[in-house]
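Enquirer: My questions all concern the structure below.
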Amino acid sequence: MSRLKTWKELTPGGIICEAGNARTYKTGDWRTERPQVDKAKCINCFFCWAYCPDGSVRVDADKGTMEGFDYDHCKGCGICASVCPKQAITMVPER
Amino acid sequence: MKVMQERVSMGLNGNAAAAHAMRQINPHVVAAYPITPQTDCVERFAEFVSEGLVDTEFVTVESEHSALSACIGAAASGGRVMTATSSQGLALMWEMLYIAASMRLPIVMMVVNRALSGNINIHCDHSDTMGARDAGWIQLFSENAQEVYDNMIQAVRIAEDMRVRLPVMVTQDGFIISHAVERVELLGDEEVKTFVGPYKALYSLLDLQHPVTYGPLDLFDYYFEHKRSQIEAIDNCLPVIEEVGKEFGKLSGRFYGLLEEYRLADAEYAVVVLGSTCGTAKEAVDRLRDRGKKVGLLKIRCFRPFPKEQIIRALAPLKGVAVLDRSVTFGGFGGPVFTEIRSALYDVSPRPLIIDFYYGLGGRDIYVEDIEKAFARIEDVVRVGWVDKHIDYLGLRE
Amino acid sequence: MPTLKELAKRPERLTPGHRLCAGCGAPIAVRLILAAADKPVVAANATGCLEVSTTIFPYTAWNIPWIHSAFENAAATIAGVESMYRAKRRRGEIDEEIYFVAFGGDGGTYDIGLQALSGALERGHRFLYVCYNNEAYMNTGIQRSSATPLGAWTTTSPVGRVLPGKTQWRKNLTEIVAAHGIPYVAQSVASNWRDLVNKAEKAFHTDGPSFINVLASCNRGWRHEPSETLKVMQLAVECCIWPLYEVENGVYRLTYKPKEKKPVEEWLRVQGRFRHLLAPENRHLVEAFQRYVDEEWEKLLKRCGEA
């Protein structure tokens with residue numbers, strides 16, 4: 001948001017009409033550690049997807065494959081690594 | 001249960017008049033909780049529901065807080081919503097009053113004016129609605145059961161007008177109006193239906209193609225702007241209230257403005273009154289006029305938004321004004337009507353002298369003689385040329 | 001019941017970019033519950049972490065119609081939404097089938113919102129109420145609620161020379177809700193997706209009120225590493241502190257039985273909020289905790305026909 005809207009430009013009632021626009025707000029810079037996946041070990045069980053608090057595990061639902069992480073939003077909590085049954089995800093420090 | 005298709009004149013109390021208006025308006029949702037003296041209205045509406053005379057989803061909530069909360073949820077879902085309450089019920093709704101207004105939801109609420117506890121008292125004064133005067137609701141006061149009925153119907157049009165989209169409170173004095181049977185002219189069912197028109201949804205939660213977020217966290221970067229736009233909204237609705245009042249007049253023969261002036265045109269002294277006491281004040285004015293006094297009445301129908309310009313126009317030419325306040329501003333400089341009127345007249349030069357009377361708290365009767373006393377006092381004040389005592393009491397044992 | 005891969009094909013109803021803490025249990029529960037809805041959903045939210053962190057103006061993380069108005073009234077608010085839906089269906093103004101859900105934390109449900117919840121349940125609105133239960137007022141900074149367990153440190157049940165944290169056991173809200181005789185009541189946990197999705201699906205399909213009490217860790221309040229969220233929640237289940245069960249039309253069913261019931265100490269040990277209980281002088285409190293859990297567990301087993 002480069003310029004904040006004036007009162008005349010706002011939707012009445014304090015309503016937000018752009019559903020899901022929080023996606024444009026990046027929380028990735030909260031991270032001190034980033035998850036990395038070793039796809040050779042991954043069995044595409046989708047546990048990481050299911051338990052990610054931030055919906056930041058990228059999957060191809062049609063192919064049924066785990067595709068990595070949305071680093072724009074991943075906060076680096078490490079839940080994905082903790083739940084991975086094959087230890088395919090490791091947390092590495094952000095540089 | 002008789003269905004009234006045509007215009008009819010009936011003996012109704014204020015609660016019944018409101019209930020009939022609600023029946024004819026046929027809102028999508030009514031959520032209400034019983035409280036004396038409003039119960040009678042809700043009971044009657046429940047009968048209309050039970051007899052299938054309305055298509056309303058009647059939500060018999062477990063508290064007034066939930067009543068208004070449910071109304072907010074319902075109104076945000078794109079349909080017509082009404083409720084009714086009184087006194088402690090309005091007080092319990094307090095938190096939600098502000099939210100309904102800030103979400104710009106056109107809810108119509110009938111409030112039977114009743115004293116606030118403590119001690120507990122079920123009779124009329126205006127402390128409930130006056131306490132809610134800054135919540136962002138439009139407030140229309142009624143003098144009698146006919147006005148209750150008429151105001152309810154107009155309130156729907158005002159609230160839902162695209163230039164307004166704000167909640168409206170229609171008030172009537174507890175027992176004095178709510179339980180006193182008077183002759184009331186009802187419009188035909190179809191006439192009311194046509195007058196209020198179909199509901200126009202705006203930002204509905206049930207519009208799945210356009211999902212909206214109501215009630216987000218609003219911090220220092222936007223909250224102020226949202227409040228500013230809300231100020232604009234309520235200030236802009238005065239002309240709409242007048243327009244609707246005229247249009248309703250064309251339909252019914254009963255025209256409404258923001259104020260009603262009674263024998264004020266050539267008056268030197270006036271009382272300013274809201275609600276049922278206006279009838280008593282008219283009688284006092286007539287009696288004094290018979291004795292040659294140049295007195296009149298300014299009745300405030302619309303207290304929120306405060307019709308400042310119209311009030312200045314009406315009162316500026318006078319020598320003296322006595323305001324009658326039926327609610328107390330503890331520790332304040334006079335009642336809410338007094339402080340607002342006095343402030344409005346500050347820039348007028350020369351300006352009338354103004355005094356305030358607290359009266360009628362907890363249902364204490366007010367008599368024609370009391371109002372004559374108020375006129376006598378303001379006449380004295382003007383004779384002396386300055387106000388010795390700004391605030392006094394009518395009908396109190398000293 | 002859908003598989004995870006099938007759930008992943010459904011729209012993401014709570015988007016990334018919300019500002020709940022890293023490792024928060026609440027959005028896990030919300031994502032799974034919303035994924036379980038096979039029809040459009042409209043949500044109401046009580047004031048709390050979930051509400052403030054997902055809708056910081058001008059941003060919203062909700063991809064569905066959503067309303068928050070106050071703290072104590074999520075149930076009343078969704079009741080209003082659902083009533084409008086009923087009215088519009090009756091008048092032929094809407095024909096889609098829609099699910100209604102209300103989210104409240106334990107403060108907004110066990111405490112300040114209990115009356116509105118009870119009223120809405122009794123009136124029989126068709127909606128799912130989800131209590132995401134992190135066992136204290138976390139949004140205001142970790143104050144004790146009636147869902148906070150015995151002995152827990154919070155900022156309003158601090159550990160001092162005289163008091164060892166919270167001195168009362170928590171209220172059994174799931175049983176209180178079940179006593180309303182509504183068609184579907186369940187207790188679940190954000191660490192068991194299958195259990196939670198299954199229950200949410202049943203709840204959405206219920207023709208009447210339904211309720212799920214979901215344990216959802218707050219790592220800030222419980223005092224554990226964000227990455228431990230699932231482990232800590234799951235331990236509550238394995239220790240029988242948070243049994244997973246459902247009450248469907250009055251019939252109790254245990255939905256998960258730990259293979260081996262672990263001692264409560266294992267759960268207490270992994271959270272900083274219980275650290276003081278591990279001191280020798282507080283041994284009796286751990287024992288009291290264990291006794292209470294044992295008694296409650298036995299009662300539940302009986303209700304579920306497992307004893």
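Enquirer: Among B:186, B:116, B:202, whose mean-square fluctuation peaks in a Gaussian network model of chain B (Cα, cutoff 10 Å)?
Expert: In the Gaussian network model the winner is B:202.
Enquirer: Largest first, what is the accessible-area ranking of C:19, B:165, C:283 with a 1.4 Å probe?
Expert: Highest to lowest solvent-accessible surface, that is C:283, C:19, B:165.
Enquirer: For chain C, which semi-axes, largest first and in whole Å, follow from the square roots of 5 times the eigenvalues of its Cα gyration tensor?
Expert: 32, 21, 18
Enquirer: At a cut-off of 50 Å², which residues of the range C:31-77 become less accessible once all protein chains are present than in their chain alone, using a 1.4 Å probe?
Expert: Relative to the lone chain, where solvent access is computed with a 1.4 Å probe, the range C:31-77 loses at least 50 Å² at C:31, C:57, C:58, C:59, C:60, C:65, C:66, C:67, C:69.
Enquirer: Next question, about the same structure. Give the Kirkwood hydrodynamic radius (Å, one decimal) of the range C:1-140, defined as one over the mean of 1/r across all pairs of different Cα atoms.
Expert: For the range C:1-140, the Kirkwood estimate is 15.6 Å.
Enquirer: When all protein chains stay in place, what accessible area (Å², nearest 10, 1.4 Å probe) is found for residue B:20?
Expert: 20
Enquirer: Here's another thing I want to ask about it. Could you pull the accessible area for residue B:294 with a 1.4 Å probe, rounded to 10 Å²?
Expert: Result for residue B:294: roughly 90 Å² accessible.
Enquirer: Given the C-alpha atoms of the range C:172-285, compute the convex hull and give its volume per residue in Å³.
Expert: Given the Cα convex hull of the range C:172-285, per-residue volume reads 115 Å³.
Enquirer: Then there is this: Which of the lysines could be linked to residue B:246 by a straight reach, that is with a Cα gap under 28 Å, when you skip same-chain ones fewer than 8 residues away?
Expert: B:193, B:200, B:282, B:299, B:308
Enquirer: Report the Cα centroid-to-centroid distance between the range C:234-307 and the range B:29-103 in angstrom, as an integer.
Expert: 43
Enquirer: Could you sort the residues of the range C:121-151 by number and keep only those whose accessible area is reduced by 40 Å² or more in the all-protein-chain setting relative to the chain alone, 1.4 Å probe?
Expert: So the qualifying set is C:123.
Enquirer: Peptide B:216-228: average number of partner chain Cβ atoms within 10 Å per residue?
Expert: 6
Enquirer: Right, here's the next one. For chain B, modelled as a Gaussian network with Cα springs under 10 Å, which listed residue fluctuates most, B:43, B:379, B:225?
Expert: With Cα springs under 10 Å in chain B, the top fluctuation among B:43, B:379, B:225 is at B:225.
Enquirer: If you take each beta carbon of peptide A:74-87 and count the beta carbons of other chains within 10 angstrom, what is the mean? All intermediate terms of the calculation are to be shown ahead of the outcome.
Expert: Values: counts 2, 8, 4, 10, 7, 12, 1, 1, 8, 7, 0, 0, 0, 0.
So the per-residue partner count for this stretch is 4.
Enquirer: Let me ask something else. Could you work out which residue, out of C:157, C:217, C:227, moves most in a Gaussian network model of chain C, that is, has the largest mean-square fluctuation with Cα springs under 10 Å?
Expert: C:227
Enquirer: Return, for the Cα atoms of the range C:76-196, the radius of gyration and Dmax in Å, separated by a comma.
Expert: Cα radius of gyration and Dmax of the range C:76-196 are 17.6, 65 Å respectively.
Enquirer: What whole number of Å gives the distance from the Cα centroid of the range B:166-208 to the Cα centroid of the range B:262-329?
Expert: 27
Enquirer: Would you kindly find the accessible area of residue B:339, with a 1.4 Å probe and non-protein molecules such as ligands, DNA and RNA excluded, rounding to the nearest 10 Å²?
Expert: Rounded to the nearest 10, the figure is 50 Å².
Enquirer: Averaging sequence separations of C-alpha pairs under 8 Å and six or more residues apart, then dividing by the length of the range B:259-394, give the relative contact order as a whole percent.
Expert: This gives 27 percent for the range B:259-394.
Enquirer: For the protein assembly as shown, what is the convex hull (Cα atoms) projected area averaged across all directions, in square nanometres?
Expert: 39.2
Enquirer: Can I ask one more? What are the extents of the Cα atoms of the range C:237-292 along their three principal axes, in Å, largest first?
Expert: Reported extents, whole Å, longest axis first: 45, 19, 18.
Enquirer: When only the heavy atoms of the protein chains count and the probe is 1.4 Å, how do A:15, B:231, C:176 rank by accessible area, highest first?
Expert: Descending order: B:231, C:176, A:15.
Enquirer: On the first, second and third principal axes, largest extent first, how far apart are the outermost C-alpha atoms of the range A:43-95 in Å?
Expert: If we take the Cα atoms of the range A:43-95, the spans are 33, 23, 18 Å.
Enquirer: Still on this model: For the full complex of protein chains and a 1.4 angstrom probe, list C:207, B:235 by accessible area with the highest value first.
Expert: Accessible-area ranking of C:207, B:235, largest first: C:207, B:235.
Enquirer: Sort all Cα-Cα distances of the range B:8-252 into consecutive 10 angstrom bins from zero, then give the percent of pairs in each bin up to the one containing the longest distance.
Expert: Calculated P(r), rounded to whole percents: 8, 34, 39, 17, 3, 0.
Enquirer: Another one. Using the heavy atoms of the protein chains and a 1.4 angstrom probe, tell me the accessible area per residue for the protein assembly as shown in square angstrom.
Expert: That works out to 38 Å² for each residue.
Enquirer: Interface B/A, total buried accessible area with a 1.4 Å probe, nearest 100 Å²?
Expert: Counting protein atoms only, the buried area is about 1400 Å².
Enquirer: Continuing with the same structure: Hey, what's the Kirkwood Rh for the range C:21-103 if you take every pair of different alpha carbons, in angstrom?
Expert: 13.8
Enquirer: For every helix of n ≥ 4 consecutive DSSP H residues, a contribution of -39,500 (n - 2.57) applies; sum these over chain B, divide by its total residues, and give [θ] at 222 nm rounded to the nearest 500 deg cm²/dmol.
Expert: -12500 deg cm²/dmol
The values are calculated or read from the model by the stated rules, or taken from the named source; none is laboratory data. Just so you know, these numbers come straight off a predicted model, no measurement behind them. Note that each Cβ is placed from the backbone with ideal geometry, even for glycine, and that neighbours are counted across all protein chains shown. The accessibility values were calculated without ligands, DNA or RNA, using every heavy atom of the protein model including side chains. Shrake-Rupley method; radii C 1.70, N 1.55, O 1.52, S 1.80 Å.
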